[in-house]
């Protein structure tokens, strides 16, 4: 590697490649040691920014084979053969480091790529190949490195998850939702690999090979897709307390490995049953950390590019901590008083008329509006009183506190009113 | 650092320290470049293993100040002042690297520690200080490094989460469940810091400082605990579709920071509402990755020690990829036929007598037992038929496939029987 600048050659400016350029342009404001020495793009690529003024543009990625002026090759073309394979193998042989998002290639040539790395002391990183927005490779390779992993399972294909979630949510069959997904860009025009389980099998083969230190082959993974899943089964499963998910599962027990991909029912109580839409979710079970679960967007330009850039920075960064922490900025604190949100309130009052209106009057004064109300009569042996539970629409904390202060002094209030904030993160 | 061996001095052999020794002894089988040059332990520490034959044992950690034969100090004593502070500051001044699990210290001396690091080009790592079994520091520092983080929120205290979950699950009040938690070792004899929100505030201050690059002070964080949360509110919230969680939240908007800790209601549909017991969960919202969620055990000897060891390996490892991937092992594949699990089956049959017994006879033959059954009459314009949904107890896939093959040939079966596997991960 050169002393200061790290030179990057990017092959392929499709969805992820464009996302990476977005991030790099933004990131360059903070980090100046990354330089793009070459970009290979089949489609015409506009050199819009002065940031690329020293960048060579190739129309064909195979020209990178005769090009040496880079430290890291970033392969974003895809496909398990042809030019993507050629340039990745060539770079590793040239003792260059490589970052790729190519799950088919990494899965198919796991053994060969690792031999090349060892022989040439070069490094291939592939965080983006599995679950774009989830750093699962880093978690297995760097965080759980001292643990023995027993089992990995999860939702690894966003397209399938989108289809299954939306069939149920919109009461439509597979074909209709697939159609919607294609219109929204969540499914390819040929969605076979996504819906038949192949894509999940590719990713599972990588996770399994990495976690269990062997050479797993996608062909060995028995996989079933979601093409034949019927709406009525999603509905019945729902009524029985389950969600249907396309699951990838790899597990090791006594040196024997299970590798399955199939649609299955998951109890609604499990962490991943709630993971809907294009989200991915991966659970790792290990001897020392027991169960860990990671949820994030599975694909898309920017989450995947985040993975790619994280690998690039890891390869180019000799400092372990990021520079940014050495200079602090100042931020203003926002007080709790200015919180704008909704509330759960429980009033304990006399059981008589005028109570609700007494509360409602104070609400009106402080611009608080009710969302729901529940009233029940309660009794002790000697006494009768009322419990009123109110949830509100959003209001300012300051107003709520003032209103409660006033309400608590009203003569029908028996105990200090209980309040809890409601957080809505959706 | 020495050329090959990385020497580690460990201060404090409490719960986490013991967990670390477990992992180190196990890990040493694979990695031989780590050497424990010193252990400081107030309690008598038995040198049981020949692995420690070159290890100096100190009865008082302050003796480490006059000791220099280490590359990495691992501080596991705790407390924001006294000996832990002295040895950490001393090590950084000596240009040594430090790994700590001490949230109080890191939170309180964020600015001073970062100045020392910068001045001495030494590194302090603190993955274990926040959510033991979740690599959240790594995620923010290395994975989301190119993203702008907008908001971080989550369940950061396992003790409080255990209490809130179990109050509802076992219909007991705060005091009784706290008592249970203390007996089980999930709460300290003095649980104040856990239940009053202080511990959550410490962790939130670290996450906030790191994500938003400033110096957050625990004292600035408005925090409320769970001491006064009543069982009846958990129940009413549950009936309204919410779970009550002790939440830490930090958010930046237009250079203004929100930092709150309080118990609040979360919709059961949110990722983290399902996170019960001693588990922690953290959601990070960023510009490019949108929403990421990380779930794992928050404390405990082994998850926390996993974080400590991951930091140690990061600091000691000049190779980026782990050695283990260069030699592959062989594993036997387990066939799907040998899967042992339960099934969801939907039969479409004639609407006449003898159907159930026909199915049940085949089940008996193949050792399959029913768990639930649901039957409904269905009709088309010209026809009447029956839909029967059966879930089973666990059986072998091979048996199920043979039984279904037989059943599908029975004369009352209208369509090929639909089956889906049920996975139970709890």
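The values are calculated or read from the model by the stated rules, or taken from the named source; none is laboratory data. What you see is a predicted model; the values in this text were computed from it and never measured. Methodologically, a virtual Cβ is constructed for each residue, glycine included, from the backbone with ideal geometry; neighbour enumeration extends over all protein chains shown.
In table form, for the structure just shown:
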item: Enumeration of residues in the range B:93-115 that are farther than 20 Å from residue B:141 by Cα and either touching a strand residue (DSSP E or B) at 6+ places or on another chain (Cβ under 6 Å) or within 13 Å of another protein chain (Cβ to nearest Cβ) (or both); result: B:96
item: Yes/no for residue A:256 being at the interface with chain B (Cβ under 8 Å from one of its Cβ atoms) and surrounded by fewer than 23 Cβ atoms within 10 Å (Cβ to Cβ); result: yes
item: Lone unmet requirement of (1) at the interface with chain B (Cβ under 9 Å from one of its Cβ atoms); (2) closer than 25 Å to residue B:343 by Cα; (3) in contact with a helix residue (DSSP H, G or I) (Cβ under 6 Å, 6 or more places away or on another chain); (4) part of a loop (DSSP other than H, G, I, E, B) for residue A:227; result: (1)
item: Residue B:233 under 30 Å from residue B:12 (Cα atoms) and assigned to a helix (DSSP H, G or I); result: no
item: Test: residue B:238 is surrounded by fewer than 21 Cβ atoms within 10 Å (Cβ to Cβ), part of a loop (DSSP other than H, G, I, E, B) and in the same structural domain as residue B:162 (by TED's automatic domain parsing); result: no
item: Which numbered condition residue A:392 fails, given (1) touching a residue at least 60 places away in the same chain (Cβ under 8 Å); (2) surrounded by 16 or more Cβ atoms within 10 Å (Cβ to Cβ); result: (1)
item: Which listed residue is surrounded by fewer than 19 Cβ atoms within 10 Å (Cβ to Cβ) and at the interface with chain B (Cβ under 7 Å from one of its Cβ atoms), from A:150, A:118; result: A:118
item: Among (1) at the interface with another protein chain (Cβ under 7 Å from one of its Cβ atoms); (2) over 20 Å from residue A:283 (Cβ atoms); (3) in contact with a strand residue (DSSP E or B) (Cβ under 9 Å, 6 or more places away or on another chain) - the single one residue B:239 does not satisfy; result: (1)
item: Output for the range B:219-245, where each listed residue is within 26 Å of residue A:331 (Cβ to Cβ) and at pLDDT 90 or above; result: B:224, B:225, B:245
item: Only one of B:268, B:258, B:290 that is in contact with a strand residue (DSSP E or B) (Cβ under 8 Å, 6 or more places away or on another chain), in the same structural domain as residue B:200 (by TED's automatic domain parsing) and modelled with pLDDT of 90 or more; result: B:290
item: Residue match in the range A:133-145 (condition: surrounded by 24 or more Cβ atoms within 10 Å (Cβ to Cβ), at pLDDT below 95 and within 11 Å of chain B (Cβ to nearest Cβ)); result: yes
item: Residue selected from the range A:169-187 under the condition closer than 13 Å to residue A:158 by Cβ and without any contact (Cβ under 8 Å) to a residue 60 or more places away in the chain, by the criterion surrounded by the fewest Cβ atoms within 10 Å (Cβ to Cβ); result: A:185
item: Failed condition for residue B:288, given (1) closer than 21 Å to residue B:135 by Cβ; (2) more than 7 Å from every other protein chain (Cβ to nearest Cβ); (3) in a loop (DSSP other than H, G, I, E, B); result: (2)
item: Residue within the range A:210-218 that is buried (at least 22 other Cβ atoms within 10 Å of the Cβ), modelled with pLDDT under 95 and within 30 Å of residue B:388 (Cβ to Cβ) present; result: no
item: Condition check for residue B:248: in a strand (DSSP E or B), facing chain A (nearest Cβ under 9 Å), in contact (Cβ under 8 Å) with a residue 60 or more places away in the chain and touching a strand residue (DSSP E or B) at 6+ places or on another chain (Cβ under 8 Å); result: no
